[in-house]
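Report on one structure; see the data block that follows.
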Amino acid sequence: MEDSTRRSFGVQLAALSAAQMLPGCAQTRLPSRPRAGWEPAYLLLYRSGELERRVAAFSAMYRSCRLCPRRCGVDRKTGERGICRGTARVRIAASHPHFGEERTLVGRYGSGTIFFSRCSLLCEFCQNWEINHRGDGLDTRDEDLAGTMIDLQSRGCHNINLVTPSHYAPNIVAAVAAAIPRGLRIPLVWNCGGYESLEAVKLLDGIVDIYLPDFKYSDGRTAAKFSRGAVDYPEVAAAAIEEMHRQVGDLVTDEDGIALRGLLIRHLVLPDNLAGTDRFVRWVATSLGQNTCVNIMGQYRPEHRAHKYPEISRRTTKKEHAQATAWARDAGIRVLN
C-alpha cells in the first residue's frame, strides 16, 4: 500500500466526527427468494467466458504469490511456502451447514460453511488456531471442492460460506467454475480477515455475492503487535473493504431476510478498546455510507498465544461491549446479530 493511501486513511480517522447520526444497517429487500428468479452474479461471468479468464489469472498468481498483502513472491506451484504455509493445493479443515453465523446467513437450513486451513494474518489471539496456525486439515482436489459446494447446496444451505479463503482463491474460483455445470446456484460468501490483496479482490468482482470481512484494528502498531507485523492492516483493510462495497453494495436480502448480495463487516471488540472501535464505526458511517451493515461482536476470549500479552489476556466485559455498541449508535450504525 502506497504511503499516500496510508496518510489518507489516517486523516479520515482523525477528521471524522462522532456526532454524525445515520440510520444504520438498513437492508434492501428483494420481492422473492432465489428460486423464484434470482441468480448469483458468477453465472453471468460463466456464460460470457470471463470466469474462465479469471481462473487463469488467479492460477498465474501462484507462480509468484501475491494473493495477500504480504506478497511473499514464492512459487507455490513448485511447493514453495510463504507466511501462510499453503501450497497450490487447497487444504480444507471442515465443511458442514453452520448455524452459528449471523441470522441473515443462517436462515432455516444453515450457512454452507467450508473452513480452509492456514492463514496469512496469524493473529496471536486466533480462536481457530489449530486450523489457521497449525494447518489442520486435508489437501483436496479442486474437483472435490466443487463437489463439496454442490453437496452443501443439496442439503438446503442458503449460501456457500468460504472461511479464510484468500490464500486459496485460485482453487476456489476454479472449483466454482467446475461446480456451475453441476448446478451451483446459491450465493458465495467471502468470509475473510480483511487483510486482503486489492489486486485479488478486484479479480473477484462478479464472482463473490456477499463479502463478510473483519475489520480488526484501527491502529497499525496494534496490528503489527498482534498480527505478525501487519502494520499496514488499517489502510489495507479499508481499501479492500471499499472495493468490496463498490462491487456488491449494501446488503440485499430476500423476503425472509436471507442475504443474497452485499457487504457485512464484522468487528471484534478487544479489551481496553485495542481494536479502536470508536474510530472504526465513524469511518464506516462516513466512508461506506448509512446503509452499511456491521456486526459489533463481544465474544472475544484469550486463545492461542494471547496469554503472553497482558493487554489481551482477559475476556472483554459487558461494559466494554456496551460502550462499543454505544459508539456504533452514535455513528449511526446499528448492531446486526
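Here, each number is a calculation from the coordinates, and none is a lab measurement. The structure presented is a predicted model; accordingly, all values stated were derived computationally and were not measured. Note that each Cβ is placed from the backbone with ideal geometry, even for glycine, and that neighbours are counted across all protein chains shown.
Okay, here's what the table says:
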{"quantity": "Convex hull of the chain built on C-alpha atoms - directionally averaged projected area, nm²", "calculated": "15.8"}
{"quantity": "Stretchable slack from A322 to D205, in nm (0.36 nm times residue separation minus alpha-carbon distance)", "calculated": "38.5 nm"}
{"quantity": "Cα→Cβ-extended label distance, 7 Å offset, between A56 and E303, nm", "calculated": "4.1"}
{"quantity": "Global size of the stretch 89-129 as Cα Rg and Dmax, reported in angstrom", "calculated": "12.4, 34"}
{"quantity": "Fully extended contour minus Cα-Cα distance, from H96 to L43, at 0.36 nm per residue", "calculated": "16.7 nm"}
{"quantity": "Orientation-averaged projected area, Cα convex hull of the stretch 33-186 (nm²)", "calculated": "9.3"}
{"quantity": "Partner lysines for K319 [C-alpha distance under 22 Å; skip if fewer than 8 residues away on the same chain]", "calculated": "K216"}
{"quantity": "Fully extended contour minus Cα-Cα distance, from R315 to D144, at 0.36 nm per residue", "calculated": "57.7 nm"}
{"quantity": "Kirkwood Rh in Å, taken over all unlike Cα pairs in the stretch 201-337", "calculated": "15.6"}
{"quantity": "Most to least packed among 229-237, 313-321, 128-136 [average Cβ atoms within 10 Å]", "calculated": "229-237, 128-136, 313-321"}
{"quantity": "Rounded to 5, percent antiparallel among DSSP beta bridges of the chain", "calculated": "30"}
